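Here is the structure we will look at.
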Amino acid sequence: MKLKRWVLFLVVGICVLFVGVGLFVAWNGSITVGLMGNAEQASITNVRFVEGTPVGDTIKVTVRNTGVTSVAILQGFVNETKATNINSGQAFVIPKATSLEITLTTPNGTLVYGTQQQIKLITSKGTSLGYSLTYNSKSTSAYNPLVDDNAPTPRPLQPYELNPPLKLSSYQATVLFLTSAIASISVVGACLLANYALHPKNRRELFVMLFFVTLIVVFALVAVVFPILFPPQIGYMQLLMFC
């Protein structure tokens, strides 16, 4: 009889575990979306070096804007050298849910073939977008005036680009598996210990104790492990600014 009771406790504990994890993830996600709603959510997704251009070293930089507001690129740097042609003094405006390939031109000799190049863009709000890529044959294209001299045109993003599927690394998957195992063992152990220490008088008290002990264990573990699995995308200073 006791064995059946603790098997039931284990099943209930595991169910509460997954419910707790789901609620925590949903709550954390809603807060992140709320905080990031008006923030710039742009990133550099591709860089190609153009050879044979009539002016300086030329780089084509693709910027993706997955946010709900437009992003304006004011400055561009290559290896800490400021681009000289950044849209003739005007900002490159990237509407929401689009990507745009912009051109950066720097003096000859800025790029060194076969080495790592550092690209940085600065937005009108002061956000810095960084990208690092080796300048070699794989990242190079020949100058084509019909393509490379055209005015940049925003490209609407596809749904999968706006909401890319979540992919766990092997490290994250291992942490998640170990956390689930530890959580299940901890829930059962904590309930056994609480049952031994508190001696509930009836089944109702026993289930109430089970629920609260499980809840405490689950949220304690999730609070510790969740930041490891999914590092926050905003820092504490930005969080304070939004608050």
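Quick note: the coordinates plus some simple rules give every number you see, no bench work behind them. Bear in mind the structure is a predicted one, so any value in this text is a computation, not a measurement. Cβ atoms come from the backbone with ideal geometry, glycine included; neighbour counts cover every protein chain shown.
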Gln118 and Ala142 label points (each 7 Å along its Cα→Cβ direction) are spaced in nm at 3.4
Quick calc, Tyr171 & Ile216: beta-carbon distance into FRET formula, R0 35 Å, rounding 0.05, result 0.85
Taking a crude spin-label model, label points 7 Å out from Cα along the C-beta direction, the Arg155 to Ala181 distance in nm is 4.4
Asn108 and Asn79 label points (each 7 Å along its Cα→Cβ direction) are spaced in nm at 1.5
Mean shadow area (nm²) of the C-alpha convex hull around region 42-162 is 7.2
Val61 neighbourhood, Cβ < 12 Å, K/R = +1, D/E = -1, net charge +3
For Ala39, the residues 5 or more places away or on another chain with a placed amide H closer than 5 Å to its own amide H are none
